[in-house]
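The values are calculated or read from the model by the stated rules, or taken from the named source; none is laboratory data. Here the structure is a predicted model, which means the values were calculated and not measured. Every residue, glycine as well, gets a Cβ built from its backbone with ideal geometry; the counts of neighbours run over all protein chains shown.
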Amino acid sequence: MERLNAIEGMRCLKPQGAFYVFPNVSAFLQRTIEGKKIASPCDFADFLLEEAEVARRPREVLRIWESPEPFVVLGRSSQAAREVNLEACRAMGVRVLRRASGNPAAVTG
């Protein structure tokens with residue numbers, strides 16, 4: 001966490017009870033970094049992944065999710081009824097999605 005926030009322009013809140021972090025990368029958007037135009041968080045993630053491969057670190061993975069609204073992401077083996085207040089999500093219009101990997105649920109947006 002400290003290392004992420006030490007990067008100039010990076011802002012990341014400390015997660016409460018999870019090992020996922022959701023850094024705000026908006027300071028890097030609409031810029032060109034090492035010849036690559038960074039127009040979206042996905043472009044930024046691609047840039048970082050390519051840099052990791054060049055540095056011979058292909059096992060390190062960074063996923064950046066982008067959403068203008070809150071959503072809940074369940075891991076493959078998460079139990080929605082136990083981990084998420086589904087009724088509250090429906091009432092507030094918060095989408096509940098499932099990813100193909102991982103276990104814990106995460107909230108972002």
Practice task
Answer yes or no: is there a residue in segment 42-56 that is modelled with pLDDT of 80 or more and not in a helix (DSSP H, G or I).
Solution key: no
Handout entry: Condition broken by K37, with the remaining ones in (1) modelled with pLDDT of 65 or more; (2) outside any strand (DSSP E or B); (3) surrounded by 10 or more Cβ atoms within 10 Å (Cβ to Cβ) satisfied
Key = (2)
Handout entry: Some residue of segment 71-80 being in a helix (DSSP H, G or I) and either within 23 Å of A6 (Cβ to Cβ) or at pLDDT 75 or above (or both)
Key = yes
